[in-house]
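All remarks here apply to the structure that follows.
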Amino acid sequence: AEITIAPEYKGLPVKIIAYEAFKDSNITKVTIPDSITSIDTYAFYYCTALASINAPKVTSLGTYAFYNTALTSVNFPVAKVLPQNVFYSCNNLKKADFGVANNINQAAFAYCEALEALILRKSDGICTLSVATNAFTSTPIAEGTGYVYVPNALLSDDDATKDYRRASNWSNYASQIRPIED
């Protein structure tokens, strides 16, 4: 089932997809209006048929929000934090694109067994990777065949504070980090 979430309910703007709102449902595609800026914990947990989501104005994602979904590609241009386990076990997820993400937490992409490309577009500083070893457990990134794409300006050889390849926790994936421009 495809759903489009209404931008208002009884005359009031809808701003959040609530805790467990669609948990275990058989939805396949979700279109989220610009009024919604937050997707709460477990909102699409175990929606194993969910293959597509469009959420251009969502700034906040909850833990386990997309656990074990069928998403193949995600684009969150204004989401700032990728919380613990947010995309855990999304086995079809090949590409994840974030415009301003500044923090990736524990196991955010763990067991995303198809994750070939993580794109971090934020150009005014390095996105913090909170735990070096398990954000990408059992992903092509951890196994050396997937890549993290970042702005070329953040791959500076002369300034370690502007170099993803030398940044705390990111250095584990140095050979997997490439400029977006590639």
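The listed residues SER171, SER89 rank as SER171, SER89 when sorted by accessible area, largest first, using a 1.4 Å probe. If you take mean projected area of the Cα convex hull in nm² from the coordinates, which of (i) 11.9; (ii) 9.5; (iii) 10.9 do you get? Looking at mean projected area of the Cα convex hull in nm² for this model, the match is (ii).
Ignoring ligands, DNA and RNA, please state the percent of accessible area on the chain from carbon and sulfur, probe 1.4 Å. Walk me through the numbers on the way to the answer.
Values: 3870 of 8390 Å².
C and S fraction of accessible area: 46 percent.
The distance separating the Cα centre of region 144-182 from that of region 8-39 comes to 35 Å.
Straight distance only, please: which lysines reach the Cα of LYS15 with their own Cα at less than 25 Å, same-chain residues fewer than 8 apart left out? Once the sequence-local lysines are set aside, what remains near LYS15 is LYS23, LYS29, LYS57, LYS80, LYS122. In the full protein context, the chain carries 46 Å² of accessible surface per residue, based on a 1.4 Å probe and ignoring ligands, DNA and RNA. Residue-wise HN-Hα couplings along region 51-61, as the Karplus relation 6.51 cos²θ - 1.76 cosθ + 1.60 with θ = phi - 60° gives them from phi, are 10, 8, 9, 10, 9, x, 10, 6, 9, 10, 10 Hz; Gly and Pro carry x. Remark: region 115-122, residue by residue, has Karplus-estimated 3J(HN,Hα) of 5, 8, 9, 10, 10, 10, 8, 4 Hz, where x stands for each Gly or Pro and the curve is 6.51 cos²θ - 1.76 cosθ + 1.60 at θ = phi - 60°. With contacts taken as Cα pairs under 8 Å and at least 6 residues apart, region 114-169 reaches a relative contact order of 42 percent.
Within the listed set LEU118, LEU12, LEU71, the Gaussian network model of the chain (springs between alpha-carbon atoms below 10 Å) gives the highest mean-square fluctuation for LEU12.
Quick one: what are the phi-derived ³J(HN,Hα) couplings along region 141-146, Karplus 6.51/-1.76/1.60 with θ = phi - 60°, whole Hz, x for glycine and proline? Values per residue, Gly and Pro as x: 4, 5, 8, x, 10, x Hz. Relative contact order for the chain: 13 percent, from Cα pairs under 8 Å spaced at least 6 residues apart, divided by residue count.
The values are calculated or read from the model by the stated rules, or taken from the named source; none is laboratory data. All of these numbers come straight from a predicted model, not from anything done at the bench. Heavy atoms of the whole protein, side chains included, go into the accessibility calculation; ligands, DNA and RNA do not. Shrake-Rupley method; radii C 1.70, N 1.55, O 1.52, S 1.80 Å.
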